[in-house]
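As structure tokens, the structure follows; a few thoughts come after it.
The values are calculated or read from the model by the stated rules, or taken from the named source; none is laboratory data. Predicted, not measured: the structure shown is a model, and the values here were computed from it. All Cβ positions, glycine included, derive from the backbone under ideal geometry; neighbour counts span all protein chains shown. Ligands, DNA and RNA are excluded from the accessible area calculation, which covers all protein heavy atoms including side chains. Shrake-Rupley method; radii C 1.70, N 1.55, O 1.52, S 1.80 Å.
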Amino acid sequence: MRLAALAILCALGSLAISCAADIVPPADNPQSFASPPPGFASATPVAPNAANGEVAAVEDPLQHESGKRGGTLVLANRSDPPAGFDTLRTSSIALHHVAGALFGPGNLVMRCRENMYLVCPYLATSWLANPGFTEWTFTIRDDVYWHDGTLFSAEDAKFWFDLVFYEATVGDKVRAPAYFKGELGDLESVEVIEHSRLRLTFAERNPFFPDILANPRFKIAHPRHLMQPRIEQGEVSISPIDVGLVGLGPFKLEKYDRGSVVSVRRFDQYWEKNADGESLPYLDGIDYVVMPDPFAMDVAFRSGRLDGGARGQGHYLTTQRKAGYLRDLGEDVVFSEMDGGNFRLAFNVLRPGPWQDPKVRRAIALWIDKRAALPTALRGFGWTSPDLGPPTLPVPTHFINWPKFDAGTLEEKRAEAERLLKEAGYAEGFSLGHLCRALNPVPCEFLEAQLSDLGIDLQLQLVDEGAWNRARTSLDYDTQQGRLTPSPIPEGTESVYGRYSENPDAYGKHEDPHVDELYRLLRNALTFEQRVKLWRDIETYLFVEQTYVIPIAESVNVAPYRSYVKGLVIPTEDGHTNTDFSTVWLDKT
Amino acid sequence: MLRYIAWRLALLIPTLLAASVVVFLVMRVLPGDVSQVIAGDVAVSPAVREALAEELGLNDPLHVQYGQWLWSMVNGKFGGNSLESKESIRSIIGQQLPVTLLLTGYTLLLSILVSLPLGMLAARWSNRWPDYITRIVSLGGLSLPSLLVAVLVLLGLLLAFRWSPPILYASPWADPWTHLQIMIWPALILAWEQSSHLVRVTRASVLEALDRSYVATARSKGLAERVVLVKHALPNALIPTVTMIGLHFGVLISGAVILENIFGLPGIGRGIVHAAQVRDYPVVQSLAVLLVLFSLVVNLVVDIVYSRLDPRVGPSS
């Protein structure tokens, strides 16, 4: 039965699912189990180059010659890791920049290092679905140890999934499930079978479960042998920090001085190996220095006190700051570039106003000079063209590269925008509210300036992060930008494009049942080609026909590293990916 | 005197309670809560968010939340645990308070050591070049915001020497040299600002004292000018200077908040800013009450010193 299921699954190889029939360590031969489906990137993954839209090959770190051993990497970190280092509670990059080293780059599966759009094994050696994709069975590695020397088991994995999905209750105390519970699907049961195998059963078809589980935010940081007894005694809110940050990653905690530094050192029992069979990681350790102020980070890096910058908005470089780095350091500094997500304008069409008319929204979409966003709103790093997506992208590496929606000259588009606005009865313009994060008001000011020429008075509502987190899920605004990082697989984007009643954190607030239907068709697609077509249909409906959301430009996140830092694996997008640094080594005497 | 101190200490309690109620209410008025901030910039279902709020006790009535926090303040837990980091607030204060105490201590010490001699010098040589230089330098300290000065200092060190202060804080007992390198800059910047106020007040007070009849009497007795200045004019001139130290303590704390962020000092200033941003209510409340207490105690000490300097004011009056 299992072989039959495997055969069916592999026959559906055009789906973005990786399957493993046998124990194949990812370090040894990733292509053997993760051959890209048609239309995906080949074995040479690509990363966008911000300056000119070119793409640069990302090197496969595990196929390199062995790195030099030793040394301590000193990196800036945006703030103290929040939530007691609890990966079930926060997606904050301030935690996940550190957590990759402590807890590892993945879960049972991980995003492949050489191509983040493929799924590689991590704590599981293989996985298998039943024909209906409602049941997934993972075989757990038998050589993985917690940092206190305890062997990791399928029971540990079950404990983690129980914490994710269920509210642990002891007396009147209740532990909340993981914030990402909804993303993983509607779990019916999780059980350990045959000692090292874990079976998850879902209420509905869940064909992309491994892709979703490979999200690097879903790290296992919860040792059952240390946490379960304390939860049973009523300590339901226990966090990883309460049990000494005992993880499964390539580095174990040496010390954490709040507000100052998180120091991790090599874990000698870590299981991953390089292409030559040598154990990883190469480094002796990493010091993450807590630096909330980007200016302080710049000064420390330029004076030689840091080997790498922090990840996270505000700390990623601007063109001006990058110029300072180059002026001081020349060839001694290199810059990693990651697709940083979309700069957009999203409408709350559930609130009365002129923007409830699709013609008005489309007019605004056509009016905005998207190229002008680059030097201002995106601080010089990003790309756009009359369309969206790098103009010279050689292959469709993933789904978030949008097709050419708004081709044509700016003059043509603006003439059409004025016509549409007049047709809608708003030729004289109107006032439009815009929820804006005080953390970064520049993009809001860009939109304000752009729309004023169309007669639209954009009223900025500047809010701090606390207010932003509340307001963006409410209906108390007219427009917002949204700033969430959507999943790189199309099925994962419903939470940001779907109906408000089902997805309160969606960018555009609507109750359009047709969007539900489109996503339902997408989830039921059987071939890669069907998926691509349906995703294009969804994009066209959301961004053109209804214009619930206006994609403006794609940002690029730039982080600095000293040039002697080798073996870095920079993800194409999403800075939460590859934060384990197990392949990094220092080429200095 | 002891009864006076005891009475003043007893008065601290209602003041602290009033401050804690104000901080508690202000934090609740701000939109958003820590359960939303913790999850970060991702979609979280309302059900999960509600469950987390329940787990953190955010759904309890306000008077219950305040009562629980107040009880934890008096039972030795000093506010309980951080909602954001789960760490005990007592431990947080234990790590952060020494840093802020040292920074403000160094600043006070430096500013007193600098401002008293310079104030006397400026008064003694009033409207001559020592006075002009002192007034110009202090004008800079009064008018330039410490944030700008800190940025200029860091950039100047970087561009001139390719050097910046260490990025890892070290206590003076563990590594005095690193401690000195990291603390000297913010302490100097704050001391410049602080002593600019003090030096002007000292100058004006000494000038006023030098015109008094008891100074003329001292001079007529043939005492040396140095003795007249230090033994007769200065003690009387110190009263407004000491008052100014107490009044400006709040300004000093706000300056420390800014410079702790820029120089990477893990003190209470940086801690309270971060806690307020993430709506970590118990941490903000506990640290704010601590700073209020800190300020009240400094003012109490100032009042005691004041009564020593001038017996006409103080407990008996």
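Here is a yes/no grid of residues against (1) open to solvent by less than 50 Å² (accessible area, probe 1.4 Å); (2) under 20 Å from B:L234 (Cα atoms); (3) free of Cβ contacts under 8 Å to residues at least 40 places away in the same chain; (4) within 14 Å of another protein chain (Cβ to nearest Cβ):
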position	(1), (2), (3), (4)
B:Y106	no, no, no, no
B:L113	no, yes, yes, no
B:S126	yes, yes, no, no
B:I133	no, no, yes, no
B:L147	no, no, no, yes
B:L155	no, no, yes, yes
B:A160	no, no, yes, yes
B:Q194	yes, yes, no, no
B:V206	yes, yes, no, no
Do we find that B:L300 is more than 30 Å from B:L144 (Cβ to Cβ), in contact (Cβ under 8 Å) with a residue 24 or more places away in the chain, open to solvent by less than 20 Å² (accessible area, probe 1.4 Å) and in a helix (DSSP H, G or I) in this structure?
yes
Out of everything in the stretch A:141-175 that is open to solvent by less than 30 Å² (accessible area, probe 1.4 Å) and without any contact (Cβ under 8 Å) to a residue 40 or more places away in the chain, what residue ends up being farthest from A:D505 (Cα to Cα)?
A:F161
I'd like to check something: does the stretch B:68-88 contain any residue that is among the aromatic types (F, W, Y), open to solvent by less than 40 Å² (accessible area, probe 1.4 Å) and part of a helix (DSSP H, G or I)?
yes
Could you grab me the full set of residues in the stretch A:68-101 that are within 13 Å of chain B (Cβ to nearest Cβ) and among the basic types (K, R)?
A:R78, A:R89
Restricting attention to the stretch B:141-163, which residues are within 25 Å of the chain's Cα centre (by Cα) and either assigned to a loop (DSSP other than H, G, I, E, B) or over 30 Å from A:F301 (Cα atoms) (or both)?
B:L142, B:S143, B:L144, B:P145
Would the stretch A:412-427 turn up any residue that is open to solvent by less than 30 Å² (accessible area, probe 1.4 Å), more than 30 Å from A:L118 (Cβ to Cβ), modelled with pLDDT of 75 or more and in contact with a strand residue (DSSP E or B) (Cβ under 7 Å, 6 or more places away or on another chain)?
no
Would you check if A:A438 is within 20 Å of A:G312 (Cα to Cα) and within 12 Å of chain B (Cβ to nearest Cβ)?
yes
State whether one or more residues within the stretch A:501-523 are touching a Gly at 6+ places or on another chain (Cβ under 9 Å), assigned to a loop (DSSP other than H, G, I, E, B) and open to solvent by 30 Å² or more (accessible area, probe 1.4 Å).
no
Among residues of the stretch B:184-226, those that are under 34 Å from the mean Cα position of the chain (by Cα) and either within 30 Å of B:I262 (Cβ to Cβ) or not polar (S, T, N, Q) (or both), counted:
27
Do the conditions hold for A:A467, that is, is it within 14 Å of another protein chain (Cβ to nearest Cβ) and over 30 Å from A:L118 (Cβ atoms)?
yes
From the residues in the stretch A:46-87 that are of a type in the set (S, T, N, Q) and touching a helix residue (DSSP H, G or I) at 6+ places or on another chain (Cβ under 9 Å), which one is modelled with the lowest pLDDT?
A:S79
Only one of B:L12, B:L101, B:L25 that is surrounded by fewer than 16 Cβ atoms within 10 Å (Cβ to Cβ), in the same structural domain as B:F294 (by TED's automatic domain parsing) and in a helix (DSSP H, G or I):
B:L101
Tell me which residues, restricted to the stretch A:237-296, are open to solvent by less than 20 Å² (accessible area, probe 1.4 Å), within 29 Å of A:V558 (Cβ to Cβ), within 14 Å of another protein chain (Cβ to nearest Cβ) and touching a helix residue (DSSP H, G or I) at 6+ places or on another chain (Cβ under 7 Å).
A:G259, A:V262, A:I286, A:Y288, A:M291, A:A296
Scanning the stretch A:470-485 residue by residue, the ones that are open to solvent by less than 30 Å² (accessible area, probe 1.4 Å), within 10 Å of another protein chain (Cβ to nearest Cβ) and more than 20 Å from the chain's Cα centre (by Cα) total 2
I need the full set of residues from the stretch A:322-342 which are assigned to a strand (DSSP E or B) and more than 14 Å from chain B (Cβ to nearest Cβ), in order please.
A:V334, A:F335, A:S336, A:E337, A:M338, A:D339
